Amino acid sequence: MLDELFTDPTEIRKGFEWWHIPLQKIITSGQIPRHVAFIMDGNRRFARKTDLESIQRGHEKGCEQMFKILGWCHEIGIKEVTLYSFSIENFKRSNEEVNGLMQLTEKILTKLVKQKERMETAQIRYRVYGNMTMLSPNLRELVGRLQRMTKHYAKGQVNFCFAYTAQDDMNRAFEWIRKGVEKGLIQKNQIDEWLISRCLDTAGSEPDLLIRTSGELRLSDFLLWQCSNCHVYFDEDLWPEFNFVNLCKAILSYQMNIAKIDRISKVLICKSYDSKMFEDLKEFLEWMDEEKKRQTELIE
Amino acid sequence: MLDLYALIGMAVRLVYSMVMMACNFLGYSTIWAQRELKRRELDTSRIKTPSHLAVLFSARSIKQDQVLALIKNCLDAGVRTLSLYDPWNDVVALEHRILPFCKLKGVRLCVSGETPTKNGTAVDAANSRLSVVLLKADSGKKSLVEVCKQLSSSTQPVTIPAVNDKLTSLYSITEPDLLIHIGDVPSLCGYPPWSLRVTEIVTVSQTPSSKAAFENCLETYSKRDIRLGK
C-alpha cells in the first residue's frame, strides 16, 4: 500500500481528474488560506462502514487520502498544512491499534527520508509537532532526520502533530518561558501573546482554516491557541472519504466568511511583533530553539 | 333547600364528562394525551444535562430578556455553571441589569477576573444553584498571558493542573461540557482557548431562549459520541 502513496505533493497532477481543473480555477479566483489545519477523524468508522478486515486498514486508507489531500492543497496554493495525526489521548486505545499506528508512522517517515532526491525537487519542509519525549527513540531519530533534511525548503510546509495535545503544547511553551525567566533571559513584563505564540510548536504560524472531518463537532485538544479565531469548518464525511470537492467546499466557506472573521480579529487586537521586541528576546529565543532541536535529536 | 352552587357544579361535571366522552368517541382521548406526556417525560430523561454550559455570541444582538431566559432555562435543567462570552463585552455590559434577577433566583453572578463582592452579588458559590460567569473580551489569550506571568515566578515546573487552577482562581474560567455557538460566524471568536479541550459545540442561529429551543440544544448534545481519545 505504501508504495502507492503520494510522498511528493508536487506530483499530485497524476491524481487529478479532468473536472478538478475548472473547480480549482473557480476556487483559486478567491482568497486562498495560507495555512490549513486538519483533524483527520473517521478512519476507524470508515473501516467498519466499508467492512475492511481491520481498523489498521482504515488508518492506511486515511494515510493514502492524506497524501492526496496534501497534493491538492499544494496545487490550490495553500502554503502550510498541519495534520492532527496522533493525540496524546490516543495512547489510551488498544495496544494493537497504537502499535499499528506507530509502525505506520515509522514506515511513512522512513519512506520520506529515503526519497532524498524527490524531496529536493519538491522543496517541501516537513515538521513534527508534539511531545517528543513520548515517542520511541527510533521514531525520534526519524523525525530528526526528516526535519534536518528539509529544514531549508521553502515551497511549502507540512506539519504532523504526533503525540500532541494543545494543552500540552501550551504547557510546554509556559515552561520554556518560566525557564527563560529563571535564567534571566526574559523579564516578566516581556511575556505577551506574541512570545507565547513563538514558544508553541507552531512557532507563531497560525492556521486560517481548521477542517474537522467525520461530523464530530469539537476541537479534541488541537491547536486551541492557534485556532482561537480562525475559520472552523466541520465536514460530515469521514477522513478517507474527504475528497477534492469537500476541500473546495471548505475553502469556499472560508472565502464566504473571511470578512466576518476579520472583523472579529480586529476587535481581539493582539500586540503585534516588532523588531525591537525580537532583539530584546533574541538570546532567549536562540537558547529555546537550540534546546528544542536537541530534544528532537536535530543536532547531529 | 337545594344548593344552587352544587347544582351548577354537577352540571359542569356532567357537561365535562359528556364532552370527554364525545372526544374519546371522535378519537381525541385523554389516555392518548397522557401516553404522549409520558413518552415526552421518557425522552426528557434521556437528555443529558451538561454540568457547565458555555454560550458564545458571535453576533451583536444580545438582549437582556434572552440572557435572563437562558439563565432560567439553565436553572430548570440543572446546569451548575453558565459561562457567557462575546468579543465586544456586550454581555458584561448587561451585568447590572441581570443582577436583580440573579439575586432573586439565588444565582451567583460574577464577571471573569473580578471578585464577586465587587459587583454586589450576595450569593456565594457553595450556596448557589447556578453560577453565571460573564467572560470579558480579554478572557481569551490575555488571561493565559497573565497566568503564564504568574507561573513564571515559580521555581516549580509548569503543569496542566497548575494552569487550570490559576485560570479558575483568577478568571473563573473552567472547561465547559457544551458550547452553544450563536450566530453565523464560523469561528470561536477568541473564546478562552485553554478551556475548549473536548467541549462539544452546538451551533444555532438564534439565542435558545425558549424552553423548546434550549431542550433541542441539550438533546443534540446528548446524542454526541464523546470518546475522549479512545
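The values are calculated or read from the model by the stated rules, or taken from the named source; none is laboratory data. Because the structure is a prediction, the values reported are computed rather than measured. Cβ coordinates were reconstructed from backbone atoms using ideal geometry, including for glycine residues, and neighbour counts include every protein chain displayed.
Every listed requirement among (1) part of a helix (DSSP H, G or I); (2) buried (at least 16 other Cβ atoms within 10 Å of the Cβ); (3) within 16 Å of the chain's Cα centre (by Cα) is met by residue B:203 save one, (1).
Between A:236, A:241, the distinction of being away from every other protein chain (no Cβ under 11 Å), closer than 22 Å to residue B:225 by Cα and more than 20 Å from the chain's Cα centre (by Cα) belongs to A:236 only. Checking every residue in the range A:194-212 against the condition of being out of contact with any Lys or Arg (no Cβ under 6 Å at 6 or more places or on another chain), touching a residue at least 12 places away in the same chain (Cβ under 8 Å), facing another protein chain (nearest Cβ under 8 Å) and not charged (D, E, K, R) gives at least one match.
Counted as qualifying within the range A:53-156 are the helices (runs of 4 or more DSSP H) with 1 or more residues that are within 14 Å of another protein chain (Cβ to nearest Cβ) and of a type in the set (A, V, I, L, M, F, W, C), namely A:55-76, A:95-114. Does residue B:135 qualify as being surrounded by 16 or more Cβ atoms within 10 Å (Cβ to Cβ), within 11 Å of chain A (Cβ to nearest Cβ), out of contact with any Cys (no Cβ under 7 Å at 6 or more places or on another chain) and of a type in the set (A, V, I, L, M)? Against the criterion (surrounded by 16 or more Cβ atoms within 10 Å (Cβ to Cβ), within 11 Å of chain A (Cβ to nearest Cβ), out of contact with any Cys (no Cβ under 7 Å at 6 or more places or on another chain) and of a type in the set (A, V, I, L, M)), residue B:135 does not qualify.
Could you check how many residues of the range B:49-63 are in a strand (DSSP E or B) and more than 13 Å from chain A (Cβ to nearest Cβ)?
Residues flagged as in a strand (DSSP E or B) and more than 13 Å from chain A (Cβ to nearest Cβ) within the range B:49-63 amount to 3.
Quick check on the range A:41-49. Is at least one of its residues of a type in the set (Asp, Glu) and at pLDDT 90 or above? Among the residues of the range A:41-49, at least one is of a type in the set (Asp, Glu) and at pLDDT 90 or above, which makes the answer yes. For the range A:164-181, the criterion of being buried (at least 19 other Cβ atoms within 10 Å of the Cβ) and in a strand (DSSP E or B) is met by at least one residue.
Condition check ((1) under 30 Å from residue A:199 (Cβ atoms); (2) at pLDDT 95 or above) across all residues:
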position: B:55; (1), (2): no, yes
position: B:59; (1), (2): no, no
position: B:73; (1), (2): no, yes
position: B:104; (1), (2): no, no
position: B:141; (1), (2): yes, yes
position: B:157; (1), (2): yes, yes
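Take residue B:83 and tell me if it is outside any helix (DSSP H, G or I) and at pLDDT below 95.
no
Among the conditions (1) surrounded by 21 or more Cβ atoms within 10 Å (Cβ to Cβ); (2) within 22 Å of residue B:201 (Cβ to Cβ), the only one that residue A:265 does not satisfy is (1). Is it the case that some residue within the range B:167-174 is part of a loop (DSSP other than H, G, I, E, B), more than 9 Å from chain A (Cβ to nearest Cβ), surrounded by 20 or more Cβ atoms within 10 Å (Cβ to Cβ) and in contact (Cβ under 8 Å) with a residue 40 or more places away in the chain? Yes, the conditions are met somewhere in the range B:167-174. Considered as a group, the residues in the range A:55-87 that are touching a residue at least 24 places away in the same chain (Cβ under 8 Å) and more than 30 Å from residue A:155 (Cα to Cα) include one that is surrounded by the most Cβ atoms within 10 Å (Cβ to Cβ), and that residue is A:58.
Among the residues of the range A:102-132, the one identified as free of Cβ contacts under 8 Å to residues at least 60 places away in the same chain, among the aliphatic types (A, V, I, L, M) and crowded, with 20+ Cβ neighbours inside 10 Å is A:109.
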